[in-house]
Amino acid sequence: MPATKLPGSIGTKKSAAEPAAATPTLTILRVLRVTLHVGFAALLAIAVFRLLNKEGQPLRYLLLGLALLLACVYLFGTVREKRFAAAETQSDPRRYSWLWLTVITTLWALLLIGNADFSWLAFPLFFLHLHLLPRALALLSISLITVGVIAAQWGASGLPMPQLAMVLGPLFGAAFSVVTGVAYRALYREAESQRRAADELRRTRAELVASQRQAGALAERERLAREIHDTLAQGFSSIVLVARAVEQSLATDDSDTALDRLRLIGQTAAENLAEARNFVRELSSPQLLNSSLLEALHRLTRQIETSAAARGQQLNCILETDGTPLELPQAYQVTLLRAAQASLGNVIEHAQARRAVLTLAFQDNEVTMDVYDDGIGFDAAAPAAVGRANGTGFGIHSVRERVIALGGAFALESASGGGTVVAIRLGLKKHIEEAR
């Protein structure tokens, strides 16, 4: 039950569902751990075998009992530590490591007093003391163990003075153990550093995945908001306004006008239904499926005039083009159409204009679209009312986000009483290079 785990048990407790990845350092430490345990067992078995062959050994059965107890205590501690390291138990044995080491050392000392053959067990004990105790205390305990081994072998020899081999053997063994223990500590620290780095990498990767997932969800939410605002919301708004106009026509018995406006309601509802179905299928606008962008914009200007007339507004909506029309990427066409819908929708809702001009220009390296109206305008320097509680206010913000997402430029110019201009520019250089 080591304070920082027995040799070769690396780092803190592992998750059973996520075992640590094998590295050369971990492999070396595992080999050292297995070697230590096998060496301890082998040396204890040799000492017991020699004890069994000594018929005249006093207290032989007592020593055999102590040897068996030593084996059981050693095995109990290593098994408990191994199970905790493998997350098979929640009981942490490390708090009892010094007690475990004290019992192991005491049992070994009693065996050493009874029979010098147990002196060879000092070598694995050296490593345990180096691993489990602070360095100064470990060096002191190793020195005492070394003295005990020398004294036991000297006493067993019956010589008046210890031979040189009796002294040098334990001293060299202790020195070798200290050097090896220092090297082991260095490997252990490296393995701990690798484990912490791997844990940090896994944590960072998990945070990155969560962040990307959240960013994707927010981006998708913004995309959905733009699509709903630029298609369904504006369509429903138009239906509500035209329906009110129908009520007024019916109140004045103007059945022909009411019938025209009901047809407009049906047309707008059908277009909204098509938008909703294509929106669910993640297709482009149905207005672009069987026609060009210019045709879709032309229809849009006619619809805007009709919707304005249904509300009692006299709005002249004009589409102008400049340059040779190009086949634009689908994303460009959808963005320009949505921008035109949002801008002209704002003209009807807020501008009180009598004239609106939508200009689409194709130049060498870019396509531009301007939407001008001669309405009442507004203070463009004031903060945009984006995301009001009633769900309105997303129009200009939506157009800007769409254009910026394609790497384009967006500008809005307006002044109170001076009309409004929405200007959009999308670069075509990359598109032209890909076409070539």
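The values are calculated or read from the model by the stated rules, or taken from the named source; none is laboratory data. Since the model is a prediction, treat every value here as computed from it, not as a measurement. Note that each Cβ is placed from the backbone with ideal geometry, even for glycine, and that neighbours are counted across all protein chains shown. Heavy atoms of the whole protein, side chains included, go into the accessibility calculation; ligands, DNA and RNA do not. Shrake-Rupley method; radii C 1.70, N 1.55, O 1.52, S 1.80 Å.
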Residue list for segment 131-153, filter: closer than 20 Å to Leu36 by Cα and not polar (S, T, N, Q): His131, Leu132, Leu133, Pro134, Arg135, Ala138, Leu139, Ile142, Ile145, Val149
Close pairs from segment 64-84: first open to solvent by 90 Å² or more (accessible area, probe 1.4 Å), partner not small (Gly, Ala, Ser), Cβ under 7 Å, at least 6 apart: Arg83/Thr89
Members of segment 149-166 found to be part of a helix (DSSP H, G or I), out of contact with any Phe, Trp or Tyr (no Cβ under 9 Å at 6 or more places or on another chain), of a type outside the set (Ser, Thr, Tyr) and free of Cβ contacts under 8 Å to residues at least 40 places away in the same chain, listed by number: Ile150, Ala151, Gln153, Trp154, Gly155, Leu164, Ala165
Conditions (1) closer than 19 Å to Ile348 by Cβ; (2) at pLDDT 80 or above; (3) of a type in the set (D, E, K, R); (4) open to solvent by 50 Å² or more (accessible area, probe 1.4 Å); number of the one not met by Arg388: (2)
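Can you say whether Ala116 is free of Cβ contacts under 8 Å to residues at least 60 places away in the same chain and either among the charged types (D, E, K, R) or closer than 19 Å to Ser177 by Cα (or both), as far as the supplied structure shows? Write out each step before concluding.
Values: free of Cβ contacts under 8 Å to residues at least 60 places away in the same chain: yes; either among the charged types (D, E, K, R) or closer than 19 Å to Ser177 by Cα (or both): no.
The answer is no for Ala116.
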In segment 201-236, residue nearest to Ala274 (Cα to Cα) [restricted to those that are polar (S, T, N, Q) and at pLDDT below 75]: Thr231
Every pair of residues 6+ apart whose Cβ atoms lie under 7 Å, when the first sits in segment 33-45 and is assigned to a helix (DSSP H, G or I) while the second is open to solvent by 30 Å² or more (accessible area, probe 1.4 Å): Leu36/Phe127; Leu43/Trp120; Leu44/Ala71
Failed item in (1) at pLDDT below 75; (2) surrounded by fewer than 17 Cβ atoms within 10 Å (Cβ to Cβ); (3) at negative phi, with Gly393 passing the rest: (3)
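For segment 121-140, enumerate the residues that are surrounded by fewer than 18 Cβ atoms within 10 Å (Cβ to Cβ) and touching a residue at least 12 places away in the same chain (Cβ under 8 Å). Spell out how you get there, then give the answer.
Step one: of segment 121-140, the residues surrounded by fewer than 18 Cβ atoms within 10 Å (Cβ to Cβ) are 134-137, 139-140.
Hit for segment 121-140 is Leu139, nothing else.
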Qualifying residue in segment 149-158 (condition: on the phi < 0 side of the Ramachandran plot, open to solvent by less than 30 Å² (accessible area, probe 1.4 Å) and in contact with a Leu (Cβ under 6 Å, 6 or more places away or on another chain)): yes
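Condition first: of a type in the set (Val, Ile, Thr) and touching a Gly at 6+ places or on another chain (Cβ under 8 Å). Now tell me which residues in segment 336-369 satisfy that.
Step one: filter segment 336-369 for residues of a type in the set (Val, Ile, Thr), giving 347-348, 357, 359, 367-368.
Within segment 336-369, Val347 is the sole residue that qualifies.
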Filter result for Leu26 (of a type in the set (A, V, I, L, M, F, W, C) and at pLDDT 80 or above): no
All positions within segment 251-271 that are in a loop (DSSP other than H, G, I, E, B) and either modelled with pLDDT under 80 or open to solvent by less than 90 Å² (accessible area, probe 1.4 Å) (or both): Asp253, Asp254
Where a residue in segment 411-425 is in contact (Cβ under 8 Å) with a residue 12 or more places away in the chain and under 15 Å from Gly395 (Cα atoms) and its partner, wherever it lies, is open to solvent by less than 30 Å² (accessible area, probe 1.4 Å) and in a loop (DSSP other than H, G, I, E, B), with Cβ under 6 Å and at least six apart: Thr420/Gly377
Output for segment 319-361, where each listed residue is touching an Asp or Glu at 6+ places or on another chain (Cβ under 7 Å) and within 13 Å of Leu428 (Cα to Cα): Ala361
Single residue of segment 312-330 satisfying the filter (closer than 25 Å to Thr268 by Cβ and among the hydrophobic types (A, V, I, L, M, F, W, C)) that is nearest to the chain's Cα centre (by Cα): Leu319
Pairs where the first residue, in segment 192-216, is over 19 Å from Arg30 (Cβ atoms) and the second is open to solvent by less than 60 Å² (accessible area, probe 1.4 Å) and assigned to a helix (DSSP H, G or I), C-beta under 6 Å, 6+ apart: none
The lone exception for Leu360 - which of (1) at negative phi; (2) at pLDDT below 90; (3) out of contact with any helix residue (DSSP H, G or I) (no Cβ under 6 Å at 6 or more places or on another chain) it fails: (2)
From the options Glu320, Glu305, residue that is part of a strand (DSSP E or B), at pLDDT 85 or above, open to solvent by 10 Å² or more (accessible area, probe 1.4 Å) and of a type outside the set (Ser, Thr, Tyr): Glu320
Those residues of segment 329-374 which are buried (at least 21 other Cβ atoms within 10 Å of the Cβ) and of a type in the set (Asp, Glu), in sequence order: Asp373
